[in-house]
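S.K.: My structure is below; once you've seen it, I'll send some questions.
Readers should treat all values here as calculations from the given coordinates under stated rules, not as data from a laboratory. Being a predicted model, the structure only gives us computed values, none of them experimental. Cβ sites come from the backbone with ideal geometry, for glycine too, and all protein chains shown count toward neighbours.
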Amino acid sequence: MNKDNVKDQLSSLALSMFRKDFFGIYHGSLSAKLESNRFVINTRDAIFDNFNAQSMIELYYNKDYRWNDASIDADIHLNIYRQITDAKFITFSMPPFTTAYTLNVDKIVPKDYFGFKELGTIEVHDPKKFEDWYDRASTEIPYYLISHKTDIMVIRGYGIYAYNRDLHRMAKRLAILEKSCRMLMLDSAINKLDSGL
C-alpha cells in the first residue's frame, strides 16, 4: 500500500467528514493499516478541517515514543487491526443524527430504501458507565465487532466505530446510516405533530 497515496485519501476523507459534522475540530479518529505490524492514524492534536500529512503519525504495533503523540483512540484501532484481518481502514466518528437518535433506542431500523438495503437493522451498544469507558473500549469494541459479525458499531451517546477493506465503502455506509437516522428523527417528529403531542 503506497503510504503517500493512503495519507492523501485519509486527508480528503477527513475534510469531507468534518464538513458533514462527523468529526469535531479535534474529536474523532481515522487510520489505515500499512503493513501487518504498522498503521497510520491521526495525531492527538489533529485539526480535522485542516487535515494533512502532518496530522498523521505512523505507529508500529510494538509501542514506542510515537504513541505519545497519537490519537487517544490508537489502542482501539490497534486491537481492531490485530483481531480483524479485513480491517484496512478504521474510523471513529460522531455523526450528530445517529448519535442523537441512539440516545432513546436499542436498535436502528431504517425506513428508507438505501438504509434498509445497505445496512438492515443495527443494534445500539450501551456502554453503561462512561466513567470507565476508555478503560474498557480497547477490548470491548473489537470483541463486539467480531462477536456481532459487523463492520459498524453504534455506541449510545458516544458515536460510531467502523472498519472496512475499502475507505470509500466505509464512508458510504456511514453516510447512509446518518441519512437514515436523520429520516427516522424527522419521521418521529412529524408523527408527534400529527398526533398532537
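Quick grid of which residues meet (1) of a type in the set (K, R); (2) in a loop (DSSP other than H, G, I, E, B); (3) more than 21 Å from N164 (Cα to Cα):
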{"site": "I25", "(1), (2), (3)": "no, yes, yes"}
{"site": "A32", "(1), (2), (3)": "no, no, no"}
{"site": "D49", "(1), (2), (3)": "no, no, yes"}
{"site": "E58", "(1), (2), (3)": "no, no, no"}
{"site": "L78", "(1), (2), (3)": "no, no, no"}
{"site": "D86", "(1), (2), (3)": "no, yes, no"}
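S.K.: Checking the structure you have, find out if any residue of region 78-90 is over 17 Å from S31 (Cβ atoms), buried (at least 23 other Cβ atoms within 10 Å of the Cβ) and not basic (K, R).
M.R.: no
S.K.: If you check every pair at least six apart or on different chains, which have Cβ atoms under 7 Å apart with a residue in region 4-22 that is touching a residue at least 12 places away in the same chain (Cβ under 8 Å) first and a residue that is assigned to a helix (DSSP H, G or I) and of a type outside the set (D, E, K, R) second?
M.R.: Between residues of region 4-22 that are touching a residue at least 12 places away in the same chain (Cβ under 8 Å) and residues that are assigned to a helix (DSSP H, G or I) and of a type outside the set (D, E, K, R), the close pairs are K7/A53; Q9/L167; L13/L167; L13/A171; A14/F48; F18/F48; D21/P96; F22/L174.
S.K.: Limited to region 144-170, what total is found for residues that are farther than 28 Å from D8 by Cβ and either surrounded by 14 or more Cβ atoms within 10 Å (Cβ to Cβ) or within 15 Å of the chain's Cα centre (by Cα) (or both)? It would help to see each step written out before you state the result.
M.R.: Of all residues in region 144-170, those farther than 28 Å from D8 by Cβ come to 144, 146-150, 154-158.
Filter once more, so that each one left must be either surrounded by 14 or more Cβ atoms within 10 Å (Cβ to Cβ) or within 15 Å of the chain's Cα centre (by Cα) (or both): 144, 150, 154-158.
Of the residues in region 144-170, 7 are farther than 28 Å from D8 by Cβ and either surrounded by 14 or more Cβ atoms within 10 Å (Cβ to Cβ) or within 15 Å of the chain's Cα centre (by Cα) (or both).
S.K.: Could you check how many residues of region 131-190 are under 18 Å from H27 (Cβ atoms), of a type in the set (A, V, I, L, M, F, W, C) and in contact (Cβ under 8 Å) with a residue 40 or more places away in the chain?
M.R.: Number satisfying all stated conditions: 8.
S.K.: Separate question: Given the criteria without any contact (Cβ under 8 Å) to a residue 60 or more places away in the chain, of a type in the set (S, T, N, Q), over 19 Å from W133 (Cα atoms) and out of contact with any strand residue (DSSP E or B) (no Cβ under 7 Å at 6 or more places or on another chain), does Q83 qualify?
M.R.: It is false that Q83 is without any contact (Cβ under 8 Å) to a residue 60 or more places away in the chain, of a type in the set (S, T, N, Q), over 19 Å from W133 (Cα atoms) and out of contact with any strand residue (DSSP E or B) (no Cβ under 7 Å at 6 or more places or on another chain).
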